[in-house]
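Working notes for the structure below.
What follows draws every value from the coordinates through simple rules; no lab data is involved. All values derive from a computational prediction rather than experimental measurement. All Cβ positions, even for glycine, are placed from backbone atoms using ideal geometry, and neighbour counts span all protein chains on display.
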2 protein chains.
Amino acid sequence: MDRRASEKDDDTSAKERPTLKTLAFMTGLGVTTVSRALKDAPEIGAETRRRVQLVAKQIGYRPNRAGVRLRTGKTNVISLVLNTEHELMSFVSDIIYGVTEVIADTPYHLIVTPYSRSQDPLDPVRYLVETGSADGVIISRTQPNDPRARYMLERGIPFATHGRTDMGLVHPYHDFDNYAFASEAVRHLAGIGRRRLALLTPPIGLTYRGHTVDGFTDALSEVGASEVPFNTVTIDHSIEQIRMRTAQLMRREDRPDGFVSSAAAATLAIVAGIEDAGLKLGRDVDVVSKQSSELLHLFRRELLVVNENFRLAGSELARAVLGWIGGKEPGSLQSLSKPGEVQAYRHSGEK
Amino acid sequence: MDRRASEKDDDTSAKERPTLKTLAFMTGLGVTTVSRALKDAPEIGAETRRRVQLVAKQIGYRPNRAGVRLRTGKTNVISLVLNTEHELMSFVSDIIYGVTEVIADTPYHLIVTPYSRSQDPLDPVRYLVETGSADGVIISRTQPNDPRARYMLERGIPFATHGRTDMGLVHPYHDFDNYAFASEAVRHLAGIGRRRLALLTPPIGLTYRGHTVDGFTDALSEVGASEVPFNTVTIDHSIEQIRMRTAQLMRREDRPDGFVSSAAAATLAIVAGIEDAGLKLGRDVDVVSKQSSELLHLFRRELLVVNENFRLAGSELARAVLGWIGGKEPGSLQSLSKPGEVQAYRHSGEK
DNA sequence: TTGGCAATCTGTAACGTTTCAGTATATTGA
DNA sequence: TCAATATACTGAAACGTTACAGATTGCCAA
């Protein structure tokens with residue numbers, strides 16, 4: 001029952017990274033047994049299992065990812081697919097942090113897969129699926145009829161979308177309730193006497209634009225206020241363009257006395273446009289804006305804000321993908337984040 | 001010379017992803033030959049090479065990453081190591097975009113490796129090196145005597161630092177010239193009559209804090225202005241803390257009439273603090289601030305700004321790591337980005 | 001003719017893992 | 001006692017790639 005004292009490479013040198021072979025040599029078992037012992041397979045004796053796991057921990061064994069991936073196809077990778085051509089996506093870092101928070105104590109790595117405006121958004125997803133580069137995918141800028149979601153559903157690769165689709169297909173998602181945001185914003189503005197409201201919408205084509213517009217419109221008729229069309233720009237436009245269009249709008253006779261803005265950076269532009277037109281925030285017009293970090297109140301204390309937590313979104317999305325990979329029902333991995341109340345300025349400090 | 005018509009898996013099914021074996025079967029060559037033909041090895045006939053490469057392109061062959069990685073140890077991965085516990089790192093997305101821009105037409109993937117405040121910053125780096133998870137690493141929040149750089153230098157793994165070290169060791173880096181920024185800022189303030197200046201510094205311990213302080217101090221004596229100490233906070237502190245400290249400072253007799261701020265978010269807090277104390281920006285005090293996106297002028301047009309381009313930083317860092325991996329001299333992969341001029345507000349639009 | 005050599009091509013082994021198809025030993029049932 | 005069966009373990013093969021150590025061929029010099 002003697003073991004050969006030195007296999008070609010399992011000698012005494014402690015410098016190499018330990019493998020199953022190393023463990024097998026040290027415990028006097030076969031690599032198969034070691035492999036199974038480490039993953040709690042049923043046909044391994046209780047003591048053997050404990051012994052192997054102890055030794056593995058002692059010498060800091062870590063499975064070789066390439067070996068596992070080659071053999072099983074499991075990559076232990078989650079890919080976050082991002083559009084890199086949009087100017088002020090400061091929330092991207094929050095999403096990333098949220099994702100990493102969740103996968104921190106799993107074997108998963110996060111890879112960032114970019115695509116630019118010029119590309120078909122399907123390209124990066126197709127690449128990931130064809131090359132089998134990830135076990136799960138997170139996409140954003142979700143559309144009602146999203147080819148990426150359809151494609152991944154067909155191929156059977158787990159994914160989660162930031163934002164919902166509307167194709168009658170079920171898949172995990174996380175979304176912020178933009179319908180609630182927009183309608184609450186309108187109600188709040190109506191509550192402080194604003195009657196002629198304009199909406200700066202999310203980009204055309206994305207699902208949450210529809211939600212936002214619906215919430216806005218429904219609440220308008222509910223409170224009996226009217227809409228001042230502001231359709232020439234979206235939050236995807238440049239700061240300069242939004243500013244210019246806002247100024248133009250505010251110089252007209254029938255200008256709005258309230259704005260609802262779907263993004264903090266765009267709100268800066270709206271306010272600049274308002275002031276370009278010689279009007280004053282809080283007196284001539286009020287603005288309700290979403291924000292992802294609590295900075296707008298420093299900008300103008302008259303602003304009304306609603307917070308959207310992208311770190312939470314990242315965590316929820318990661319949890320959803322991992323859940324799907326782990327065999328849960330896609331339909332059970334959907335979450336909607338409710339907005340808090342519209343917040344006016346209040347500073348706890350001096351004055 | 002006949003080839004066996006159907007190897008166990010090289011049959012007619014066109015569904016599986018092509019491998020070298022597939023190519024070998026299609027071209028009638030051995031896998032070794034195919035492998036070499038694809039990487040332009042010298043001992044392959046010119047025509048064979050062309051033929052193999054043509055077929056490979058036709059059927060969309062893509063090398064299996066796990067296979068390559070297992071055999072060669074090459075991961076084709078660059079890791080960006082990030083601290084996830086700092087509040088307003090909006091520039092992180094810019095760095096990521098910069099990196100992805102550069103690695104887009106290489107086989108490299110970008111993985112994001114996080115660590116939190118509670119952890120030793122060396123932990124994630126040690127993990128990457130020990131598990132051989134990346135061919136190259138990018139780190140930020142660089143310190144004069146940085147254990148991470150020293151560690152990676154010892155282990156011989158290519159890396160680049162965002163910011164410089166000061167250990168007498170040579171390695172690739174990219175840095176913004178914060179000495180130039182701070183000294184230019186002081187000169188500009190002096191040029192508009194400000195004589196008592198305060199500096200909101202980068203976090204204690206990071207190399208660029210020293211550069212910033214040096215630039216500030218040197219320029220002070222050059223222009224004959226004096227410093228008002230403002231050492232109780234750094235840009236790592238919370239908005240609320242910076243705001244409070246600024247307000248306290250501005251209520252004192254010997255308050256500064258000029259600020260230099262190393263970060264845009266902190267500048268919002270400084271301005272809020274100034275206004276809390278009942279003073280007015282541009283009249284009682286001027287502020288020069290770095291910013292990474294052009295938003296500060298929308299915030300207060302009296303602000304004086306210097307732009308720092310983090311997307312460029314990301315690109316340069318990626319280029320540096322890839323260069324090192326590719327065999328270039330580490331010493332030749334260092335770059336310093338010069339700040340532009342201090343910019344006062346100018347708006348091209350209406351009024 | 002022969003040996004040598006360059007030019008091309010090839011099979012085998014190995015990277016570390018898991019799966020398949022066992023083998024050896026002890027335990028049970030009759 | 002024997003066979004059947006459960007328990008605990010094992011070697012070999014395979015995933016796709018590259019490196020090593022040959023093979024085969026044709027050509028040239030001697």
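Axis angle, to the nearest 10 degrees, between helix A:264-276 and the longest C-alpha principal axis of chain A: 20 degrees.
DSSP beta bridges confined to the protein assembly as shown are antiparallel in about 5 percent of cases. Positive-end ranking of A:Pro158, A:Thr100, A:Asn145 along the dipole of the protein assembly as shown, with charges on Cβ about the Cα centre, is headed by A:Pro158.
Entry note, chain A: the mean residue ellipticity at 222 nm calculated from DSSP H runs of n ≥ 4, each adding -39500 (n - 2.57), is -12500 deg cm²/dmol after division by the residues and rounding to the nearest 500.
Ordering B:Leu298, B:Leu189 by the number of other Cβ atoms within 10 Å of each residue's own Cβ, fewest first, gives B:Leu298, B:Leu189. For the peptide B:238-244, the mean number of other protein chain Cβ atoms found within 10 angstrom of a residue's Cβ is 2. Convex hull volume of the Cα atoms of the protein assembly as shown, normalised per residue: 205 Å³.
Straight-line cross-link partners of B:Lys280 among the aspartates and glutamates, defined as a Cα under 15 Å from its Cα and at least 8 positions apart when in the same chain: B:Asp257, B:Glu302. Other residues lying with their Cβ under 10 Å from the Cβ of B:Pro339 contribute a combined charge of -2, Lys and Arg counting +1, Asp and Glu -1. What's the local net charge at B:Gly314, with K and R +1, D and E -1, over the other residues with C-beta under 10 Å away? Surrounding charge for B:Gly314 is -1.
The relative contact order of region B:178-307, computed from alpha carbon pairs under 8 Å that lie at least 6 residues apart in sequence, is 24 percent.
The angle between the Cα long axis of helix B:178-191 and the longest principal axis of the Cα atoms of chain B comes to about 30 degrees, rounded to the nearest 10.
Among A:Lys74/B:Lys21; B:Lys290/B:Lys328; B:Lys21/B:Lys74; A:Lys21/A:Lys74; A:Lys57/A:Lys328; A:Lys328/B:Lys74, which pairs are too far apart, with a Cα-Cα distance over 27 Å? B:Lys290/B:Lys328; A:Lys57/A:Lys328; A:Lys328/B:Lys74, as the Cα separations exceed 27 Å there.
Summing Lys and Arg as +1 and Asp and Glu as -1 over all other residues whose Cβ lies under 15 Å from the Cβ of A:Ile44 gives a net charge of +2. Rounded to the nearest 20, the Cβ-based charge dipole of the protein assembly as shown about its Cα centre (Lys and Arg +1, Asp and Glu -1) stands at 1500 debye. Relative contact order of chain A, taken over Cα pairs closer than 8 Å and 6 or more residues apart, is 16 percent. Starting from 0 in steps of 5 Å, tell me what percent of the Cα-Cα pairs of region A:163-267 lands in each bin. That works out to 2, 13, 22, 22, 19, 12, 5, 3, 1, 0, in percent per bin.
Taken over the C-alpha atoms, chain A has Rg and Dmax values of 26.9, 97 angstrom.
For A:Ala104, the point set 7 Å out from Cα toward Cβ sits 3.3 nm from its twins in the other copies, listed from shortest up. Taking Cα atoms only, the orientation of helix A:239-250 departs from the longest principal axis of chain A by about 30 degrees. Based on every Cα atom in region B:21-131, Rg and the maximum pairwise Cα distance Dmax equal 19.9, 59 Å.
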